[in-house]
Structure formats: C-alpha cells, structure tokens
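Participant: Below you will find the structure I want to go over with you.
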2 protein chains.
Amino acid sequence: MMTSPYAPRMGTIPKSFVREILKVTQDPNVISFAGGLPNPRFFPVQGIAEAAADVLTRADGSALQYGTTEGYAPLREYVAQRYRKTDGLDVSPDEILITNGSQQALDLVGKVFIDRQDAVAIERPGYLGAIQAFSVYQPQFHPVPLLDDGVDIDRLADVLKTQRVRFFHTVINFQNPSGISYSVEKRRALAEIVKQHGTFLIEDDPYRELRFEGTARPSMRHELGDKAVLLGSFSKIVAPGLRLGWVCASRETMAALVVAKQASDLHSNSFCQRMLHQFLLTHDIDEHIALIRAAYKRQKDIMLAALEAHFPPEVTFTRPEGGMFIWATLPQRLTAIELLERAAQEKVVFVPGTPFFVDGGGTHNMRLNFSNADEGRIEEGIARLGRIIKEMLA
Amino acid sequence: MMTSPYAPRMGTIPKSFVREILKVTQDPNVISFAGGLPNPRFFPVQGIAEAAADVLTRADGSALQYGTTEGYAPLREYVAQRYRKTDGLDVSPDEILITNGSQQALDLVGKVFIDRQDAVAIERPGYLGAIQAFSVYQPQFHPVPLLDDGVDIDRLADVLKTQRVRFFHTVINFQNPSGISYSVEKRRALAEIVKQHGTFLIEDDPYRELRFEGTARPSMRHELGDKAVLLGSFSKIVAPGLRLGWVCASRETMAALVVAKQASDLHSNSFCQRMLHQFLLTHDIDEHIALIRAAYKRQKDIMLAALEAHFPPEVTFTRPEGGMFIWATLPQRLTAIELLERAAQEKVVFVPGTPFFVDGGGTHNMRLNFSNADEGRIEEGIARLGRIIKEMLA
C-alpha cells in the first residue's frame, strides 16, 4: 500500500490563492488589485538605512548574536508604550512577544490553543492567513457571518452555546477581506458574550493605525482583560519585509506563547528588531503614518469613485473606513472566477471570494486591494473590470 | 471542572534548559560553557554594514516589501552553488527553502512529517532544539544511542524494523551535544538501512563548515537522494542574529515544506536575505570561515588541554573534530546537576546532560561549549570546575 510520507494536516492547509496569483503578476503591465501589499513608495528606506548604520556602528556584536525568545526588550517597551499612547491601554512589556509578522503570531496562537478537532470560531468571510495558520492544527472551524457592522452576534452566540470554542478570531478593524469594521455596539455585545462563555478573543488588528475616517475604537482588551489576545504588526506602518509584528497577551498566555516561539525559531531577527527600534526612536512615526493614511484614503476614494462610475449598479461593494481592501459582490449570474479568467487576459487581477470561506461560498465576491496600485492605474483597472462585467452580464 | 485553555501539546514541549541558564549568565563575571553561541568577535559587522547600505541604496522598495515564501532567489542559488562547490552535490535552487535559522527548518519538518503518535527516531543524546520542535507535533520518540563514530546501527535497525518511522534525525557532524561525527563506515551503513526501510533521513548539519580536523564527509544526499532532507545554517559562519538557514529537499517534499512555511510566517526577512546575499557576493566567505575555524580549533585545544590538566582521570570526554561542543561524563557517584549548583556559585556554568534525553539519562553528563568563551577564560573556567569536581569526589 502506498501511503503519503507526509502528515495528514498537509492535506488540510489551503494554499494561498493570493500568493499564487501574485506569482503571475510579476508582469509590470498587469494592474493588480490582488495582493495585500503596502505601497512601497512609503517605505522609509532612508530612515531604515540610517538606523541600520547606527546599530552596526555601535555594535559590539550583540546586534548579530542570538537574542531572547521574547524579543528585544526596548522594542517590547516601545510597543507597550504605544498601546498606552494610542489606546490608553495599560500593557506591560512582559506582555509583548515579538513575532515574525502577524502571520507567525497566528501560528503561535494555533500551536498554543488548538488541539485536533477543537472548535474555533472565525469570521465568514475570514482572513485567509489565519485559516491557513490554524488549519495546521486541524480544528473544526465555525465560520460566523459578518454583517455590515461586525460579526452576527446571535449566530456567534449559537456557536458559543453549542461548542466548546477555544477562541473567536476577528480582524476587528477594516477586515481582510471585507473591509468592514466593528461598530461600538457590536464591540460591546461581542465583549459580553465572549465573557459570558469564558472563551478567548483573538483580536487581530494589523490595520489599526490605517484609519482614514470615523473614530478609533478602543481595543477589546479594555473589556476582556486577559481573555483578549492582541495581534499587531509593523508591516503596514513601516515595512513588511522586516517581518516584525507582536502578540500582546496576559503573562499566563505569554508563558505558553514563548515556549511555542522558542520551539518555532528561537527568536525573531535580532538585527532587524534593533534597527526598527532605532528607526522608531529617531523618526516621527506619527507623521509617517499620517502620510500613508492620506495616500491610502485618496486611493480608496478613487477606487470607490471608479466603482460607481464603471461598475453596473447590480454590483455592490463595501466602503471601508481604513485598511487596504474593498469587498464587492457580483450578481448571482456571474462568478468571480469566470470574471478573473477574462480579466487576467486583459491584464487586471483581483482575488475571488472563495478562499475566504472554509465552508463554500464567496462564489460571487471579489476582494479589491487599493493600497498597492497607483492612482491612475486604479481608475484604469476598475474601468477595465467594469467593461468586462458589463459584457459578461449582457 | 477547570481545564487548561491550552492545547495538550503545550504540556509536552520541554523548555530550553539552555536558554534558561543563559538568562542567569548575563553577569559578565560568569564563565559560561552553557550556550551554543558563536564567538561574536568573528561577526563580520563591517561587511554586514556595507551590505546593508548597498542594498538600501539600490532599493526600489522591494528589499522591504513582502517576498516569495521560498526565499530570495539569488540566495537560494548561492546555497545550491555552495553545495556543488563544497560537496560536489547537484542541487537545484528549487530544492532550497530559506528559513529563520535551522530551528524553523526543524519546526517545518515536524509540521510536514509528524502526525500525533507517529514514530520518530532521534539520537541519544539528541539535539534539544529538535526535540522541542518535534514535540509540538506529539510524536513517539525512539532515541537510539550514539557510539563514538555515530549512531548504533543495530539498535536503529531494530527501531526501523518494529516501527513505521517517519524519519531519523541526525546532527551528523560534531553533534550537539556530544561533539561526535559519523565515520565513513557508519555513514555507509546508515544509508543502507535507511534505504532498506524507505524512511527519511533529516541530515541536520549546521556545523558542517566548522571542521578543524579530519576529512570532510559527503552529504548523505549523495546516497539517499530524495529521502535525505538537509538542514543548513548561516548562524555559525556569518551570524545567528540574522536568523537565516535553509532546508534542501526534493521538489515533492519542498512543495509540502513551502505550504508549511507560508502558514508559519509567509516568508523569511526580505531585507536580511538580500543583505546576506550582498555580503556573500562581496566578501571572501572561505577566508572568513578559515578564521573562525582556526580560532575555534585553538579554543577547543585549550579546553581539551585544561580538561586533561584539571579534571580527575575518572571524568571522560569526547574529542570533537569541529563544531562547538565537548561532552564529558562524570563518575557515577557525581551528578551533573549537583556539580552545576556548586559551579554556578563559583561563577562557571555548563549544561547538564538530562535535557538531551527524552527517556531519562544524562545524569552524569555535561555539555561544554568552547566557541563562546575567550581562551584565558576557558582555562580558568575548566580549572575551577576541576577543583570543584575533585572536592566533591573527595
């Protein structure tokens, strides 16, 4: 009998459709709304270069040596202080673990919380990176529909009542893929039922600082305390290529996360942690974020205007207050995959909805990224898509 | 009923005794033979600084952007070429995946190969980082004793005959913790039984280029082809703080590893991969390695001489041909933990043997690192240990 030499979990991890599409978009003539890439125009290349030189000039070797699993202490202190400053949240540096971007934080959450067949509640549509990371640990996913202002609380309550749910994972601001954000009322209701059932909330918040409109909402940790595990990232506000993010969790959860991190890769890049910290110390990060925010707001507005101008009225779409994505819904008689095939021939691509659903669905949805393309190309790409949709519907 | 909110695996991962000891050795007066740290005196700080500046001067942002999961293509090509150059091994860049040091490669091997209760064969004593990484996936460990010239082939054959072993993990050169290397005969016999049973060999070889004496041995991939999965690292020849290593595996195994890597953290640090590649292009790495080798050989010789001079003859120890560690065996009436307690009071530390055994054992063993301490301190630290041992035996 021939059997696979690989573990059964390998059959359950979805491949990233997104990253597969990215491979075919190396052609610079392709207008891509597919990735979740920040606009590289705003990477602080000069500031990073200065910080690298500073760190290495002062180096006694320790910047290139093995480091502690928890991360570079001054960077952990910086993250804790920023929670205090931007959210009034009291966080100790001991409650911060530096990770290789948010994606590793998701893997560590999976390692620490999920045993095979454990119930895990996620959003529907859900963040693909989280679905991939958690799948490795073979949970039973319970996807709970997203409404315009956050998860459907009644449906989530049903799941929490009938299953022993390890945690609910939410991208609470400017969700990936839908672009929606949780309202104040929704957050309050969510805190209530999560507390009632004693489960954990994984508050995945990589776009937090990319709010263009509306009012910033306090972290769920204010309400949930140790039952909230916060995930953050420097990828969207500095640069993703440094692969630096963090988890903020109670000391008890942190102890488990640190063991998992140590087994995973000992610790995150010592040199880049110091370099990033030096950059943050010597540059006005708020000014830098304001620049990104203003640019992404313009790009989002241009995309929305183009969608209104070029898409037929049967197509609906979300109006995000921040982040990187708009979520569009096609009429029932048109699938996003059919559209993608035609669109790719005309050199414009996006991510169809299906990979964001673990239980089928998303056939008529498309995720449109507005952060990576330049303004003129956004208008041109949406115009092309609109023309193709009209032709296909005709 | 109170139950743990964490997955059962969290109870099975051993904490790193080594990293716990390292925390207490921040005191510069402590002579530490405990870590597995390279000597920072040989970190190419200036070369790395130049490479960082070069990469960022030329940067169009791509050095700070998301990258491909497999790794930076020119760095993968470099690793493949180095296998050709140093080992005559024909490797395609497609068979190289860049990881966050060897430790992440071990985690990915665990993810890809181990289902709960699967049989996994390891060396006894075994590499602690591998034990930790694999433990996450809850295998049944089958530790096979190491002899002076490699694993006990008869005992390994017994395990392979009676269990469906997923793989045998070996640190084939200058093993951690024992310092021993596999002889030519042992390698031949190992290849034979591994082939016979159709299992995989995880050839973990981070110290490969740190051979001071004897003859370099060809990789097991020459004999085993796709059944050999090679792990390598830049940590010992450039710097560990960059967290860059690799896996070399067949295209089929690679496909599974890439899915696991994507779910784990998307990809390794884009900036450091480019910076390292630039450093390797513009510097003579062979000359640099020769420098490290000569220094470590001196440090090893000083430690061996000190052991002979200061330790009582009842203590035996290995004589490694490379790497970073000597493994000493105390007389039965003295445990390494007792010795460590006394030694720590006199400001000299090492790692006792027990954490390297998953089935008990190592009570009378000590792992002595010779790469990190300066020459004078090696002599002084071993002298102190010898005095304490003699006192305790008296």
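Participant: Would you mind pulling out the separation of the Cα centroids of the stretch B:273-319 and the stretch A:35-53, in Å?
Facilitator: 37
Participant: Multiplying the sequence separation of residue B:84 and residue B:60 by 0.36 nm and subtracting their Cα-Cα distance, what value in nm do you get?
Facilitator: 5.4 nm
Participant: Which residues among the stretch B:138-161 fall inside the zone where the amide N is under 19 Å from a point 7 Å beyond the Cα of residue B:115, along Cα→Cβ?
Facilitator: B:138-142, by backbone N distance to the label point.
Participant: Rounded if a/c is under 1.5, else prolate if a/b beats b/c, else oblate: with a ≥ b ≥ c from the C-alpha gyration tensor eigenvalues square-rooted, which is the stretch B:60-282?
Facilitator: prolate
Participant: With the other protein chains left in place, how much accessible area per residue, in square angstrom, belongs to the stretch A:60-282 at a 1.4 angstrom probe?
Facilitator: On a per-residue basis, 29 Å².
Participant: How much of the DSSP bridge set in chain B is antiparallel, in percent, rounded to the nearest 5?
Facilitator: Of the beta bridges lying entirely in chain B, close to 50 percent run antiparallel.
Participant: Please report the buried accessible area for the interface of A with B, total over both chains, probe 1.4 Å, in Å² to the nearest 100.
Facilitator: The summed interface area works out to 6400 Å².
Participant: Moving on. Of all DSSP beta bridges located in the stretch B:192-344, what percent are antiparallel, nearest 5?
Facilitator: 65
Participant: Right, something else. Which chain B residue sits with its beta carbon nearest the axis carrying B onto A, and how many Å away is it, rounded to a whole number?
Facilitator: B:52, 2
Participant: Once a ≥ b ≥ c are taken as the square roots of the eigenvalues of the Cα gyration tensor of the stretch B:315-394, is the result rounded (a/c under 1.5), prolate (a/b larger than b/c) or oblate (a/b not larger than b/c)?
Facilitator: It comes out oblate by the Cα gyration axes.
Participant: Give a residue-ordered list of calculated ³J(HN,Hα) values for the stretch B:255-270 (Karplus: 6.51 cos²θ - 1.76 cosθ + 1.60, θ = phi - 60°; whole Hz; x for Gly, Pro).
Facilitator: Ordered by residue, 3J(HN,Hα) equals 4, 6, 4, 5, 4, 5, 5, 4, 5, 7, 6, 6, 5, 7, 2, 5 Hz.
Participant: Do you know the relative contact order of chain B, to the nearest whole percent, from alpha carbon pairs under 8 angstrom that are 6+ apart?
Facilitator: Computed over chain B, the figure is 24 percent.
Participant: Among DSSP beta bridges lying fully in the protein assembly as shown, give the percent that are antiparallel, nearest 5.
Facilitator: 50
Participant: Cut-off under 23 Å on the C-alpha distance; same-chain residues fewer than 8 positions from residue A:300 excluded. Which lysines are left, in chain and number order?
Facilitator: In chain and number order, the partners are A:236, A:347, A:390.
Participant: Rounded to the nearest 500, what is chain A's calculated 222 nm mean residue ellipticity when only DSSP H runs of at least 4 contribute -39500 (n - 2.57) each, over all residues?
Facilitator: Using -39500 (n - 2.57) per qualifying helix, the result is -13500 deg cm²/dmol.
Participant: Name the aspartates and glutamates eligible as straight-distance cross-link partners of residue A:227: C-alpha to C-alpha under 17 Å, and not fewer than 8 places from it in the same chain.
Facilitator: Within reach: A:90, A:94, A:95, A:192, A:203, A:204, A:205, A:252.
Participant: Would you please put A:57-70, A:194-207 in order of how densely packed they are, using the mean number of other Cβ atoms within 10 angstrom per residue and starting with the highest?
Facilitator: A:194-207, A:57-70
Participant: Given axes a ≥ b ≥ c from the Cα gyration tensor, I'd like to know whether the stretch B:208-280 is rounded (a/c under 1.5), prolate (a/b larger than b/c) or oblate.
Facilitator: oblate
Participant: Report ³J(HN,Hα) in whole Hz for each residue of the stretch A:47-60, in order, from the Karplus equation J = 6.51 cos²θ - 1.76 cosθ + 1.60 where θ = phi - 60°; Gly and Pro get x.
Facilitator: Residue by residue, the stretch A:47-60 yields x, 5, 4, 5, 5, 4, 4, 4, 4, 6, 5, 7, 5, 9 Hz.
Participant: Which whole-Hz ³J(HN,Hα) couplings does the stretch B:377-391 yield from phi under the Karplus relation 6.51 cos²θ - 1.76 cosθ + 1.60, θ = phi - 60°, glycine and proline marked x?
Facilitator: My calculation for the stretch B:377-391 gives 6, 4, 4, 5, x, 5, 4, 4, 4, x, 4, 5, 4, 4, 4 Hz in order.
Participant: Long-range amide H contacts for residue B:99: which residues qualify at under 5 Å (H placed 1.01 Å from N, peptide plane, sequence gap of 5 or more or a different chain)?
Facilitator: B:245, B:246, B:247
Participant: Using r as the Cβ-Cβ distance of residue B:392 and residue B:298, and R0 as 30 Å, what FRET efficiency do you calculate, to the nearest 0.05?
Facilitator: 0.50
Participant: Shortest first, in nm, what separates the label point of residue B:86 from those of the same position in the other copies (7 Å along Cα→Cβ)?
Facilitator: 4.2
Participant: Right, something else. Given a Förster distance of 30 angstrom, what is the FRET efficiency for residue B:216 paired with residue B:319, based on the Cβ-Cβ distance and rounded to 0.05?
Facilitator: Here the calculated transfer efficiency is 0.95.
Participant: If you place +1 on the Cβ of every Lys and Arg and -1 on the Cβ of every Asp and Glu, how big does the dipole about the Cα centre of chain A come out, in debye to the nearest 20?
Facilitator: Here the size comes out at about 440 debye.
Participant: Would you mind putting A:171-181, A:152-162, B:354-364 in packing order, based on average other-beta-carbon counts within 10 Å, highest first?
Facilitator: A:171-181, B:354-364, A:152-162
Participant: List the residues of the stretch A:45-65 that lose 50 Å² or more of accessible area once all protein chains are present, compared with their chain alone (1.4 Å probe, heavy atoms only, no ligands or nucleic acids).
Facilitator: A:45, A:56, A:64, A:65
Participant: The stretch A:118-178 to the stretch A:182-219: how many Å between their Cα centroids?
Facilitator: Taking the Cα centre of each part, the stretch A:118-178 and the stretch A:182-219 sit 13 Å apart.
The values are calculated or read from the model by the stated rules, or taken from the named source; none is laboratory data. Computed from a prediction, not measured in an experiment: that's the story for all the values here. Glycine also receives a Cβ, built like all others from the backbone with ideal geometry; neighbour counts cover every protein chain displayed. Side chains are part of the model used for accessible areas, which takes the heavy atoms of the whole protein and leaves out ligands, DNA and RNA. Shrake-Rupley method; radii C 1.70, N 1.55, O 1.52, S 1.80 Å.
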